[in-house]
Amino acid sequence: MSDSYSDKNVHDEVTELETQSVTAARLFDIRRIIGGLFVVYGVIVTIAGFAASDNDIDKAQGVNINLWTGLGMLILGLFFLAWLKLRPTAPPPPPLEEEPKD
């Protein structure tokens, strides 16, 4: 038996690795990370804004800064996640095969 791969086996393996690479690139897209963090922190800060005491609001000259900042963070995070959903990363173009030189 031969231990070498046939051309078809090598081509199939390369195709599978390219697919996994594209999947990994989409999974770790920076928009997903930034959007997710802004949404999580936005929820936390918004909850802190709803639970703010009158003394906390007086310190901020009458503005519930935690509420407004949290809502802004939520909007920004949702924007990043919507951008990711509407414009996903394009897969890399397949490599061009060179013509054999005679």
Inset, instruction - Select from the stretch 25-58 the residues that are among the hydrophobic types (A, V, I, L, M, F, W, C), over 26 Å from the mean Cα position of the chain (by Cα) and part of a loop (DSSP other than H, G, I, E, B) and list them in ascending order. - result: Ala51, Ala52
Inset, instruction - Kindly indicate whether any position in the stretch 15-29 is surrounded by 13 or more Cβ atoms within 10 Å (Cβ to Cβ), modelled with pLDDT of 70 or more and within 30 Å of Met73 (Cβ to Cβ). - result: yes
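The values are calculated or read from the model by the stated rules, or taken from the named source; none is laboratory data. As the structure is a computational prediction, the values presented were derived from the model and not from experiment. All Cβ positions, glycine included, derive from the backbone under ideal geometry; neighbour counts span all protein chains shown.
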